[in-house]
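The values are calculated or read from the model by the stated rules, or taken from the named source; none is laboratory data. It should be emphasised that the depicted structure is a prediction, and the values quoted were computed from it without experimental measurement. Glycine also receives a Cβ, built like all others from the backbone with ideal geometry; neighbour counts cover every protein chain displayed.
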Amino acid sequence: MAKEYSRTQRIAEQMQRDLAQLIQREIKDPRIGMVTISFVKVARDLGYAEVYYTVMPYGEVSEDDAVKAAGDVLKEAAGFLRTELAQNMQLRTVPKLRFHFDATIDRGRRLHSLIEKTVRESKAKEQLDQNDDENGQ
């Protein structure tokens, strides 16, 4: 059975694709760095769209500075991006864009490193216990 998508989901997916291209091609601000649009959620009444993005820091820039700079640039460019979306999409009204940093990838990275650390420590403890058993017998 085919999966059914609501109109807002289809609009959100199209907006995600179009925004990714627009940001890459049209925004020339050097502060933006490498931005990826990870998710778009459109309100049922098409009044606004929550746009979640991730940033890959470049050069000597810290991750926090890159996130803040990209957020500032995206918020400044929201009107321009909305206008460009209106020209590309066949909608009567284009939702207002609200940009949010998507911290889920960063959280996942931190959790993964914690799990890796715990596994390494567990293996090291196991190795020590095994060596103690061999030396004690």
Say whether the condition of being modelled with pLDDT of 90 or more, out of contact with any helix residue (DSSP H, G or I) (no Cβ under 9 Å at 6 or more places or on another chain), under 16 Å from residue 96 (Cα atoms) and of a type in the set (D, E, K, R) is met by at least one residue in the range 15-32. no
If I go through the range 64-103 residue by residue, how many of them are of a type in the set (Lys, Arg) and in contact (Cβ under 8 Å) with a residue 12 or more places away in the chain? 4
Given (1) within 20 Å of residue 23 (Cα to Cα); (2) modelled with pLDDT under 90, number of the condition residue 81 does not satisfy: (2)
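Which of the residues belonging to the range 36-52 are touching a residue at least 24 places away in the same chain (Cβ under 8 Å) and not in a strand (DSSP E or B)?
Residues satisfying the conditions are 43, 44, 46, 47.
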Residues (surrounded by 14 or more Cβ atoms within 10 Å (Cβ to Cβ) and among the polar types (S, T, N, Q)) located in the range 68-119: 88
Please tell me if residue 55 is under 14 Å from the mean Cα position of the chain (by Cα), part of a strand (DSSP E or B) and of a type in the set (Val, Ile, Thr). yes
Could you list all residues from the range 104-123 that are at pLDDT below 85 and either of a type in the set (A, V, I, L, M, F, W, C) or in contact with a helix residue (DSSP H, G or I) (Cβ under 7 Å, 6 or more places away or on another chain) (or both)? 105
If you check 69, 43, 49, which single one turns out to be among the small types (Gly, Ala, Ser) and out of contact with any helix residue (DSSP H, G or I) (no Cβ under 7 Å at 6 or more places or on another chain)? 43
